[in-house]
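Here the structure is laid out as structure tokens; the discussion comes afterwards.
The values are calculated or read from the model by the stated rules, or taken from the named source; none is laboratory data. Being a predicted model, the structure only gives us computed values, none of them experimental. Cβ placement follows ideal geometry from the backbone for every residue including glycine, while neighbour counts extend to all protein chains displayed.
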Amino acid sequence: MKVLPTAFPDVLLIEPAVHEDARGAFFETFNARAFRQATGLAPHFVQDNHSVSAPNTVRGLHYQVGHGQGKLVRVVKGAIFDVVVDMRRASPAFGKAVSVVLSDSNRLQLWIPPGFAHGFLALGEGAECVYKITDYWSPEQERILLWNDPALAIDWPLAGAPVISEKDQAGRLLRDADRCDVP
């Protein structure tokens, strides 16, 4: 496994060691010992989620206050334009966004620690994502940052009008959003 940096030192791209031959390919999607050795982190995952998104679907930007969720995201089918926004109260990067493309062909994973809003756009023919999370969903503590807030300056590679839930369309602007207190 290789750890690749992003513009945020705490947000990491993980490149698995892939073993390919005439039969196909094999790689570990998560190994706690290898993850700890490569990143210095030992997240305790409590849940795995699987999301199926139609083409041009935008999901997010979601985060939780109080019970922050770390996420390890990967794509098992298709591709996504994955976005994280720093929502940590004390961070000099508060409100800044970083994006990466995750796909079934590049096999990259994205580690998003607590304190970051997360969302994505399903590219091409749509996408299936799986992600591990470090805390349970808490409806009372869930917050949604408006995905297209101009203050975020996210250049979403949309292919027409996005497919987006009413809940996500009602997200808050950054200037009105709750910040996270992350130790």
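Residues that are surrounded by 19 or more Cβ atoms within 10 Å (Cβ to Cβ), of a type in the set (Phe, Trp, Tyr) and not in a strand (DSSP E or B) are absent from the range 37-46. Being of a type in the set (Val, Ile, Thr) and touching a residue at least 40 places away in the same chain (Cβ under 8 Å): is that true of Val101 here? When the stated conditions are applied, Val101 does not pass them.
Could we say that Val52 is modelled with pLDDT of 95 or more and hydrophobic (A, V, I, L, M, F, W, C) here? Before the answer, list the steps.
Numbers: modelled with pLDDT of 95 or more: yes; hydrophobic (A, V, I, L, M, F, W, C): yes.
Criteria met by Val52.
Might you check whether a residue that is under 19 Å from Leu174 (Cα atoms), hydroxyl-bearing (Ser, Thr, Tyr), touching a Phe, Trp or Tyr at 6+ places or on another chain (Cβ under 7 Å) and touching a residue at least 60 places away in the same chain (Cβ under 8 Å) occurs anywhere in the range 57-67? Looking through the range 57-67, at least one residue is under 19 Å from Leu174 (Cα atoms), hydroxyl-bearing (Ser, Thr, Tyr), touching a Phe, Trp or Tyr at 6+ places or on another chain (Cβ under 7 Å) and touching a residue at least 60 places away in the same chain (Cβ under 8 Å). Taken over the range 96-134, the criterion of being more than 10 Å from the chain's Cα centre (by Cα), in a loop (DSSP other than H, G, I, E, B) and buried (at least 19 other Cβ atoms within 10 Å of the Cβ) is satisfied by Leu108, Pro114, Gly115. Only residues that are in contact with a Pro (Cβ under 9 Å, 6 or more places away or on another chain) and modelled with pLDDT under 95 were counted in the range 62-87, giving 2.
Of all residues in the range 20-36, those that are over 30 Å from Pro92 (Cβ atoms) and surrounded by 11 or more Cβ atoms within 10 Å (Cβ to Cβ) total 8.
The requirement of being assigned to a loop (DSSP other than H, G, I, E, B) and touching a strand residue (DSSP E or B) at 6+ places or on another chain (Cβ under 6 Å) is not satisfied by Pro139. When the range 5-48 is filtered for residues that are closer than 24 Å to Ala117 by Cβ and without any contact (Cβ under 8 Å) to a residue 24 or more places away in the chain, the ones remaining, listed by number, are Pro5, Pro9, Gly40, Ala42.
With the structure loaded, tell me whether Ala151 is more than 15 Å from the chain's Cα centre (by Cα), among the small types (Gly, Ala, Ser) and assigned to a loop (DSSP other than H, G, I, E, B) or whether it fails that test. Criteria not met by Ala151. Please work out if Leu145 is buried (at least 21 other Cβ atoms within 10 Å of the Cβ) and either of a type in the set (D, E, K, R) or under 16 Å from the mean Cα position of the chain (by Cα) (or both). In short, yes. For the range 166-183, taking the residues that are assigned to a loop (DSSP other than H, G, I, E, B) and in contact (Cβ under 8 Å) with a residue 24 or more places away in the chain, the one that is surrounded by the fewest Cβ atoms within 10 Å (Cβ to Cβ) is identified as Ala170.
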